[in-house]
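The values are calculated or read from the model by the stated rules, or taken from the named source; none is laboratory data. No experiment lies behind these values; they were computed from the predicted model shown. Here Cβ is always computed from backbone atoms with ideal geometry, including for glycine, and neighbour counts include all displayed protein chains. Surface areas here come from the heavy atoms of the whole protein model, side chains and all, with no ligands, DNA or RNA. Shrake-Rupley method; radii C 1.70, N 1.55, O 1.52, S 1.80 Å.
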Amino acid sequence: MHFDEIVQQVKSYNCSLVGITGGEPLFQENVHRLIKRLCDDGYTLMMETGGHRDISIVDLRVKRIMDIKCPGSKMDKRNRWENIHSLTPNDEVKFVIADQSDYEWTKHVLDQYHLDTRCPIILSPVFGKLENRTLAEWILHDQLHVQFQLQMHKYIWDPTTRRV
């Protein structure tokens, strides 16, 4: 879509909160221009990012929801650890946990970087791989200061559906 079409489409929804996601938004050439325009127009913005691109250049009016990829994803080598120093209390960090090994790795990362003192932390089970209850029980047992979240789009739509 053309830039102005996106802005018009957002306006047509008559909403105040806009989420920017889908693949990796920071790969999109005009994403910063779009963010500035929507923030200037009074929208509240959230952006979900894979955590492998520099988040320090994102407008601070945006709630940045950054993934830290666990080893079970096979994408953990792409984590851009420097991003942790750019996090603010307005941001969130998300870990998607595949198994107990990912969970233990996540606890280590939380401790190493004192993440729960920087911003809210979200732990989510990999859909179809780790039982929701199992992860919830681990979190409760260890008394982690995190939020538990399900990948709701996988429950609402077919889990293989993209762009929802």
Residue under evaluation residue 135, criteria (1) part of a loop (DSSP other than H, G, I, E, B); (2) under 22 Å from residue 75 (Cα atoms); (3) free of Cβ contacts under 8 Å to residues at least 40 places away in the same chain, criterion not met: (1)
Complete set of residues in segment 50-79 that are open to solvent by 10 Å² or more (accessible area, probe 1.4 Å) and among the aliphatic types (A, V, I, L, M): 57, 60, 65, 75
Among the residues of segment 85-121, write down those that are of a type in the set (Ser, Thr, Tyr) and buried (at least 17 other Cβ atoms within 10 Å of the Cβ). 86, 103, 106
The residue that is least open to solvent (accessible area, probe 1.4 Å), considering only those in segment 7-21 that are more than 21 Å from residue 87 (Cα to Cα) and in a loop (DSSP other than H, G, I, E, B), is 15
Assuming residue 82 fulfils every condition listed in (1) charged (D, E, K, R); (2) surrounded by fewer than 18 Cβ atoms within 10 Å (Cβ to Cβ); (3) not in a helix (DSSP H, G or I) apart from one, which condition is it? (3)
Take the conditions within 15 Å of the chain's Cα centre (by Cα) and over 24 Å from residue 45 (Cβ atoms) and apply them to residue 97. Does it pass? yes
Restricted to segment 114-140, and to residues that are closer than 15 Å to residue 103 by Cβ and hydroxyl-bearing (Ser, Thr, Tyr), which residue is nearest to the chain's Cα centre (by Cα)? 124
Residue check: is residue 80 under 13 Å from the mean Cα position of the chain (by Cα), at pLDDT 95 or above and farther than 26 Å from residue 141 by Cα? no
Subset of segment 49-73 [of a type in the set (Val, Ile, Thr), touching a strand residue (DSSP E or B) at 6+ places or on another chain (Cβ under 6 Å) and assigned to a loop (DSSP other than H, G, I, E, B)]: 55, 58, 68
